[in-house]
Amino acid sequence: MRELSLHILDALENSLEAGASRVTLTIEEDLTADRLTITITDNGRGMDAETVKTVLDPFFTTRTTRHVGLGLPLFAAAAKRCNGDLTIESEVGRGTTVQATFQHSHIDRAPLGDIHDSLLSFLLAERPVDLHYVHRVNGRQFEFDTADIRAELGDVPLSHPAVREWLSEFISEGEREIK
Amino acid sequence: MPKVKSLADLKRIREEAQKDIKVRLKTGTTITVGMGTCGIAAGARETMHAILEELRKREIDAHVTTVGCIGMCSKEPLVDIEQAGHPRITYGNVHPDMVPRLIEEHLIKGNVVQEWVVGRVTRD
């Protein structure tokens, strides 16, 4: 995939398919340490140790539950190309954490890309999931939690056109401020 | 937290939205974009972006949602359009440059773009 934000969207969709009700996405850009770390934690159904081992195999998929397909092997390959790695920690019934690390300045590192569109795609999911998002760039931080947003909205869904517009501007502005 | 956009805006949006939400569910339009690995790799996020842009430009009030893989991976990006009282139409291989015509024909003129259709569901 051309952008890290597409890998991120794909991983977020995995959490959705795993039945998560809450996902935390942290993007940490530390230019001093020359590291880019992406962490996605969900409270979905999780996987046992055997499944975790096979998840990075591109020829493995759980088709029936549609938990994982080609997505994670592609994400792992992207990280490994850039002096990084991808790790998965999971526990049945508790959830999964996927962490990908990259050398920030690596020539093969895909750009983060359009994180705004990835977040919006995820937030407009048919089955809404709460997202806690944290993006840190050298100490500056943009953070939001859709649980706070939903508390203000009551029964009005995030996909309502007026809310969607608000979210779109809110995310653009937040990302702009940490650039 | 961004300064201009604040959570306080949401109260106003909520009050306005609650007035029309019931009407919207009965008569409205919902556009669904497939967002599984297959869809994402085929450019579904960009297609969704183009749809949101076109709706904004033409001031069309439609719900847009995303779903995971629905099984027709080779036809991604897949876009479903559902309007009250009409069959649900699934369009395949919808790339951003096709979106303006799709919105114009289907949503504005009410014509199904036959050559892009890959599925059709009529609800009782």
**Item:** Close pairs from segment A:120-136: first in contact (Cβ under 8 Å) with a residue 12 or more places away in the chain, partner crowded, with 20+ Cβ neighbours inside 10 Å and aromatic (F, W, Y), Cβ under 6 Å, at least 6 apart
**Value:** A:Y133/A:F144; A:H135/A:F142
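Per-residue answers, yes or no, for (1) surrounded by 18 or more Cβ atoms within 10 Å (Cβ to Cβ); (2) within 15 Å of the chain's Cα centre (by Cα); (3) of a type outside the set (D, E); (4) within 14 Å of another protein chain (Cβ to nearest Cβ):
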site	(1), (2), (3), (4)
A:D85	no, no, no, no
A:R94	no, no, yes, no
A:Q99	no, yes, yes, no
A:G113	yes, yes, yes, yes
A:H116	yes, yes, yes, yes
**Prompt:** So which of B:I81, B:I89, B:I51 ends up being over 25 Å from B:A17 (Cβ atoms) and at pLDDT 90 or above?
**Reply:** B:I89
**Complete:** Among strands (runs of 3 or more DSSP E) entirely within segment B:1-114, at least 3 residues that are within 9 Å of chain A (Cβ to nearest Cβ) and closer than 28 Å to A:L6 by Cα occur in B:29-34, B:63-67
**Message:** Of the residues A:E169, A:E175, only one is surrounded by fewer than 17 Cβ atoms within 10 Å (Cβ to Cβ) and either more than 23 Å from A:L31 (Cβ to Cβ) or touching a Phe, Trp or Tyr at 6+ places or on another chain (Cβ under 9 Å) (or both); which?
**Reply:** A:E169
**Request:** Scan segment A:82-100 and give yes if some residue there is free of Cβ contacts under 8 Å to residues at least 60 places away in the same chain, among the β-branched types (V, I, T) and within 22 Å of B:G43 (Cα to Cα), otherwise no.
**Result:** no
**Asked** Inside segment A:118-138, can you point out the residues that are buried (at least 16 other Cβ atoms within 10 Å of the Cβ), under 21 Å from A:E28 (Cα atoms) and away from chain B (no Cβ under 11 Å)?
**Response** A:D130, A:L131, A:H132, A:Y133, A:H135, A:R136, A:V137
**Prompt:** Which numbered condition trips up A:L153, out of (1) surrounded by fewer than 17 Cβ atoms within 10 Å (Cβ to Cβ); (2) facing chain B (nearest Cβ under 8 Å)?
**Reply:** (1)
**Message:** What's the number of the only condition in (1) closer than 24 Å to A:V55 by Cβ; (2) within 14 Å of chain B (Cβ to nearest Cβ) that A:Q141 fails to meet?
**Reply:** (1)
**Message:** Consider segment A:139-150. How many of its residues are closer than 22 Å to A:R164 by Cα and either buried (at least 19 other Cβ atoms within 10 Å of the Cβ) or out of contact with any Lys or Arg (no Cβ under 9 Å at 6 or more places or on another chain) (or both)?
**Reply:** 7
**Asked** What number of residues in segment B:78-87 are under 12 Å from the mean Cα position of the chain (by Cα) and not hydrophobic (A, V, I, L, M, F, W, C)?
**Response** 3
**Residue identified as over 30 Å from A:G139 (Cβ atoms) and either modelled with pLDDT under 95 or surrounded by 17 or more Cβ atoms within 10 Å (Cβ to Cβ) (or both) among A:E17, A:E3** = A:E17
**Request:** Read through the list (1) more than 7 Å from chain B (Cβ to nearest Cβ); (2) crowded, with 18+ Cβ neighbours inside 10 Å, then give the number of the only condition that A:H160 fails.
**Result:** (1)
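The values are calculated or read from the model by the stated rules, or taken from the named source; none is laboratory data. What you see is a predicted model, and the numbers here were worked out from it, not measured in a lab. For neighbour counting, all protein chains shown are included, and Cβ atoms are generated from backbone atoms with ideal geometry for every residue, glycine included.
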